Structure formats: structure tokens, C-alpha cells
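Have a look at the structure below before the remarks.
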Amino acid sequence: MRPIGCSAALLACPGGANALLHSPFSARRFDSGIVSNPTKPVRLGIVGCGAVTREMHLPAFIQSPHVEVTYLCDRITKNTQLAKQEYGLPDARVTAEVKDFAGHVDAALVAVPPKFHAPVTCELLAMGIDVLCEKPIALSTAEARQMSDAAKKHGRILSVGFVTRFNRNAEVFRRIVADPLIGEIQEVIAEAGSVMGWIMTSDAYFNKKLTLGGAFFDSGVHLIDRVVDLFGDVTDIAYEDDSYGGVECNANLTGKLTIAGRAVPCRMSFSWTHGLLNGVKVIGTHGTAEVKYLDPDALVVTRTVGGEPLELGVRYQGAAPNPYILQIEDFARAVRTRGTPKVTAESATMSLAIIERAYAARTPMKQPWVEVNR
């Protein structure tokens, strides 16, 4: 299968994404004056116009004065047509090849199946185009490092779409778990689970030719990123899932975090068949702190006072800012100022490394109801 928006020149190039580090495109730079003109919106191209783009990204893009969608790229014509029609983008150009972005965009969103993240991103970076790549960053840490190397070589910005980092409760949660309020941290729990029922326009979630895994790799990576962002790497990993060679619908991971010089147990669960916490819970000697990434304005703290557990719910006042708007505006700021985005490729690679180690240690989840005749 040909990657969405990936040029024939790239596919014919020995070494794939790695070869683009020495591509003739690398000398090209397309600067529309956004660095010198802070009022000029960043010209944005979108590679991959499927459900995630149309349901999540485009509603945010059209609300932000800091970006202007100028190009839509997808090998499926219907997807680009729907994007133009649904979001009132009559002037946006349409193509099936990212090479057509040359001279017309400053930056690009890459929202194609994970298999194509590395080659498409590296092609764009070599053309002098900054990239916001959807999560997970790639299929392997080797690919992720190629992407980071390409960004450095060509002097480009590369950010990764871990949108829950932009939830309004993220920073206050970080301060609370670092505060003596809940005491010395004893355990960290992270869960991501719901009955899979979101909109799809392809089989990319289930096709092992296009992705590495299921509930753990695709949905769970958000929670892994939150834990890594708060506490750093996870070690001593044990992992089980129900994949039977396909993509997993349920998975469990246990490991250790190093917090204040101590080894702290961490356990994570992921599901596409039933609801879970959908957040992070930190258990301390004096109480707990809990945040849910689907409720970006709230967090819950419990504290034992006089032997009695008390619960304190904290909620921001006023309308919640759309995390997708905050994400694209953070990226646009980095593009304009040549600064560092909130989510770097290096931090995204750490989450992927945990996934790689977990899959390498995979054991089958006990499922007696399907194992009788196996």
C-alpha cells in the first residue's frame, strides 16, 4: 500500500526516511515571512484528512487566528472534499502528494496511519517544512530517532500530538503531586479504557500492516506520555495483553518509577472493550490526587484528616479552552519564534520506548473462556 501523501520519489529512494537526511530537498527553505511578521498566520498543510483530522484538528484550526489551512493532502479524494466542505475551506488546495506543499505551506500536520509517520514527516522536514505529527510518533524508536535527526539536520520544528498535555488541569496536577499535600508517593495508577465506538474512515486501528498495536499502542500512549511527563521513565516492565497476534483490545502493564530517589510501583490498564479510570491516580501516604484526561478542567484530591478521608474536588471556572486549539497555537508559536514546542520528539520517543519494551516482554492475558480448545 502506498503511504498517504508520500511521494513516489521517496518510495523509490533506497533507505526510505533515512535517505532523506541527504535529500536534494534539504537545501530548500520556504519562508513566507512569518518570523518577521508576527501578525501573519502560519500557512498550514494537512497530510491525512480522515476522521481524526476532521473531528478533532480542523475544528480547532479554523478557530485560531494563528494558522491558515492552505493545503489538504490525502490519497482518498473523498476525505479532502469532506474537509473542504465541512469546514468552509474553499481556497485550500488539494493534492495527493506532499511535494506539492513546496512554496505554499510553512508547516504541516501529519495525521496518517502510524506506519507512514516517519517517511512522510522526514520528507516534509527535508523540504524545509515544520511538522506537528500525530501520536504515536512512529512505529519504532529507530524511526523516531530518524525523525528527530532529520529535524535537527534541516533546522526544522518537530512536535508530537499529545494533546492531553494541554489540558488545563495538567500543570496544577503536576504541582499537587510534587507537594507534601498527599505525602510521600506510594503508587501511581494510570488507566485508559472505553468501549471502542469512535468514528473511523479506515481499518487503520486494526490493520497490523498500518499500526503496531491497539488499545495499548494507540490509545494508551496518551496515558504513558502523562506518566512519563510527570515522573520519567518506567522500568522493570511486565506486560500482558489479549492480542493473539492481532491488535490488543485489553492490556495490563506494571513497572517501577523513580520518584525522589525511591522505586515506586506503577500499574497501567488499557481497554477498547470497557470503561476504566481514563486518567492518572497518585497514591501518597496522606492522600491521593486524581486527574481524568477527558475532564480537562477538574481534579480530585483526598486527604486523611483526623483519621477521616476527606475529598476535595477542584474545578476551573469559566469555559474550558479547547486543548486542540492550545496545541496548534503552541506549535504555531514554535514555528514563528523558532522556539521549543511543549511536546518534543525526544519526549515522545521515551513513551514509544516503553511500548517497545512492553511488547518485547509480552505475555498472554489469561482468558479461560477462549483457551479451552487452544
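Taken along its principal axes, the alpha carbon cloud of region 93-171 reaches lengths of 39, 30, 25 Å, longest axis first. Charged side chains reduced to their Cβ positions (Lys and Arg at +1, Asp and Glu at -1) give region 155-217 a dipole of some 420 debye around its Cα centre. Computed about the Cα centre, the dipole magnitude for the chain is approximately 820 debye when only Lys and Arg (+1) and Asp and Glu (-1) carry charge, each at its Cβ. Computed over the chain with a Gaussian network model linking Cα atoms closer than 10 Å, the most mobile of Ser64, Ser219, Ser159 is Ser64. Please sort by residue number the trypsin sites (Lys or Arg not before Pro) in region 173-250 whose DSSP state is loop and whose Cβ has at most 15 other Cβ atoms within 10 Å. Answer by residue number: Lys208, Lys209. Debye calculation, C-alpha points only, no solvent: report log10 I(q)/I(0) for region 141-284 at q = 0.12, 0.20 Å⁻¹, in the same order as the q values. The Debye formula, applied to the Cα set alone, gives -0.59, -1.31. Of the three principal axes defined by the Cα atoms of region 231-329, the extents in descending order read 47, 38, 27 Å.
Around the Cα centre of region 219-307, unit charges on the Cβ atoms of Lys, Arg, Asp and Glu (plus for the first two, minus for the last two) sum to a dipole of about 440 debye.
For Lys135, a cut-off of 21 angstrom between C-alpha atoms picks up these lysines, skipping any fewer than 8 places away in its own chain: Lys115, Lys152, Lys208, Lys209, Lys292, Lys342. With q set to 0.09, 0.12, 0.13 Å⁻¹, the log10 of I(q)/I(0) for the chain, from the Debye formula over equal scatterers at the Cα positions, is -0.53, -0.93, -1.07.
Dipole of region 170-230 computed with +1 at Lys/Arg Cβ and -1 at Asp/Glu Cβ about the Cα centre; of Thr211, Leu181, Val221, farthest Cα towards the positive end is Thr211. For the residues Val264, Val120, Val234, a GNM of the chain with alpha-carbon springs under 10 Å puts the largest fluctuation on Val264.
Highest GNM mean-square fluctuation among Ala60, Ala111, Ala260, for the chain modelled with Cα contacts below 10 Å: Ala260.
Each listed q (0.12, 0.25, 0.27 Å⁻¹) maps to a log10 I(q)/I(0) for region 173-236 from the Debye sum over equal C-alpha point scatterers, namely -0.46, -1.16, -1.26. Partner aspartates and glutamates whose Cα lies under 12 Å from the Cα of Lys99, excluding those fewer than 8 positions away in the same chain, are identified as Glu123.
Using alpha-carbon positions, what is the distance between the centroids of region 302-324 and region 229-256, in Å? First find each Cα centre; the distance between them is then 28 Å.
Read-outs: derived from the displayed coordinates by stated rules, not from any lab. On a predicted model such as this, the values are computed, not experimentally measured, just so you know. Glycine also receives a Cβ, built like all others from the backbone with ideal geometry; neighbour counts cover every protein chain displayed.
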